[in-house]
Amino acid sequence: MIPSILPTYNRAPLTFESGEGSWMIEADGRRFLDLGAGIAVNVLGHANPVLVEALTAQAGKLWHVSNLYNITQQQALADKLVASTFADTVFFTNSGTECCELAVKMARKYWYDKGQPERVEIIAFEGAFHGRSSAGIAAAGSEKLVAGFGPLLPGFHQVPWGDVDAAEALVGDQTAAIIVEPVQGEGGIRPLPDADLKALRALCDAAGILLIMDEVQCGVGRTGKLFAHEWAGGTPDIMMVAKGIGGGFPLGCVLATEEAASGMVAGTHGSTYGGNPLACAVGGAVMDMVANDAFLGEVNRKSGLLRQKLEGLVAAHPEVFEEVRGAGLMLGLKCAKVTCGDVVAAGYDNEVVTVPAADNVVRLLPPLTISDEEIAEAVARLEKAASQLDAGK
């Protein structure tokens, strides 16, 4: 008999009842170090007092009014995002998946209004993950995501990861945009080299098409910059943001230049809940803390510390791990003669939480507020997990 919760997840046998900072407390009282952060969501940790205060204060005033009216908290957050990024305008959603739908609509509507309605095709990269909506799975194109869900939304083409020449070869008079993650998360923590990101920007400029960047997982301080593309120095025309921007409260947004957003006029898109007062109050508090040079400097310092310790872990357990990859506090352990699922499960045995990904990679996505002592303890627990796997071989 089907359970009351639709069985679309293979859930771990864990039930977390509370959390504090980088820790999650299981129902039986065990304390787990969280190197997953709800899949890069809890950037400021669990029960962060600043976010609790922002949410609680707003909850006592106003929860929801819909986008039929002006929302003070939404305007304040939009202003912060515009001031801190390339963008001129922002649309708020509840999730990264919704961001993908709007990004695709925005790119296609742009060309429709320019008198070139045939420009609907979007070039994406193999290994990508852009959410589980019709547009998101069509953009990714992987068998795992699309099997059984046809007919797929047309107009998407995939090229090998990082192959700028292949992308250029596909650009034609029906191309609307290129979409790319500066760092693939679900795809196995694969950063796109800065030179390739710059080359994609140059390609889009030369062809006169739009560049969409998906920073749902790699944005909001995760790589040591507010957004990952800043390392390369280029900017997108449209950017998808979610996960970390709400610090655990459901929130997403699409940022765009005035030109790229020119087709999105009244009536072309909407959201009942998107940008509600509760979400934007929390998002504003997240931005106040993360969009700060000192905070981002600490992310980079802690990233170096964590990476150094992980390199030692890999060297000590060559049967378990092959390499460390990634950027900032978005790191991956490429597994060797074991599966990433084995490592995640062994981590649970040793009370440390990690996240599996493609290419047999274990994702390490801790809260950006993780302390040096917690980093040391986390790697010590991963060491025990690796030793457990070594002993079992």
Filter region 198-237 down to residues that are under 18 Å from the mean Cα position of the chain (by Cα) and assigned to a helix (DSSP H, G or I) and give me whichever is nearest to residue 331 (Cα to Cα).
228
Taking only pairs six or more apart or across chains, which ones have beta-carbon atoms under 7 Å, a first residue in region 187-214 that is over 30 Å from residue 39 (Cα atoms), and a second residue that is of a type in the set (Gly, Ala, Ser)?
203/167; 209/176; 209/177
Do you know which residues across region 238-269 are more than 25 Å from residue 208 (Cβ to Cβ) and in a loop (DSSP other than H, G, I, E, B)?
242, 247, 248, 249, 250, 251, 266, 267
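Would you pick out the residues in region 270-293 that are touching a helix residue (DSSP H, G or I) at 6+ places or on another chain (Cβ under 9 Å), in a loop (DSSP other than H, G, I, E, B) and closer than 22 Å to residue 217 by Cβ? Steps first, please.
First pass over region 270-293, keeping only residues touching a helix residue (DSSP H, G or I) at 6+ places or on another chain (Cβ under 9 Å): 271, 273-291.
Restricting the remaining residues to those that are in a loop (DSSP other than H, G, I, E, B) gives 271, 273-276, 291.
271, 273, 274, 275, 291, listed by residue number.
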Given (1) within 24 Å of the chain's Cα centre (by Cα); (2) farther than 10 Å from residue 128 by Cα; (3) in a loop (DSSP other than H, G, I, E, B), identify the lone condition not met by residue 173.
(1)
Considering residues of region 166-186 that are in contact with a Lys or Arg (Cβ under 7 Å, 6 or more places away or on another chain) and closer than 19 Å to residue 119 by Cβ only, the residue surrounded by the fewest Cβ atoms within 10 Å (Cβ to Cβ)
174
Looking at region 294-393, what strands (runs of 3 or more DSSP E) fall wholly within it and have at least 2 residues that are modelled with pLDDT of 95 or more, of a type in the set (D, E, K, R) and out of contact with any His (no Cβ under 8 Å at 6 or more places or on another chain)?
321-327
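Kindly provide the set of residues from region 188-199 that are out of contact with any Lys or Arg (no Cβ under 6 Å at 6 or more places or on another chain) and either more than 15 Å from residue 126 (Cβ to Cβ) or loosely packed, with under 15 Cβ neighbours inside 10 Å (or both), ordered by number. Show your work before the answer.
Going residue by residue through region 188-199, those that are out of contact with any Lys or Arg (no Cβ under 6 Å at 6 or more places or on another chain) are 188, 190-199.
Correct list: 191, 193, 194, 195, 197, 198, 199.
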Expected output for region 97-124 (first residue among the β-branched types (Val, Ile, Thr), partner part of a helix (DSSP H, G or I), Cβ below 6 Å, 6+ apart or cross-chain) is 97/136; 104/135; 120/108; 123/167; 123/170
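The values are calculated or read from the model by the stated rules, or taken from the named source; none is laboratory data. Just so it is clear, the structure is predicted and the values come from calculations on it, not from any experiment. Note that each Cβ is placed from the backbone with ideal geometry, even for glycine, and that neighbours are counted across all protein chains shown.
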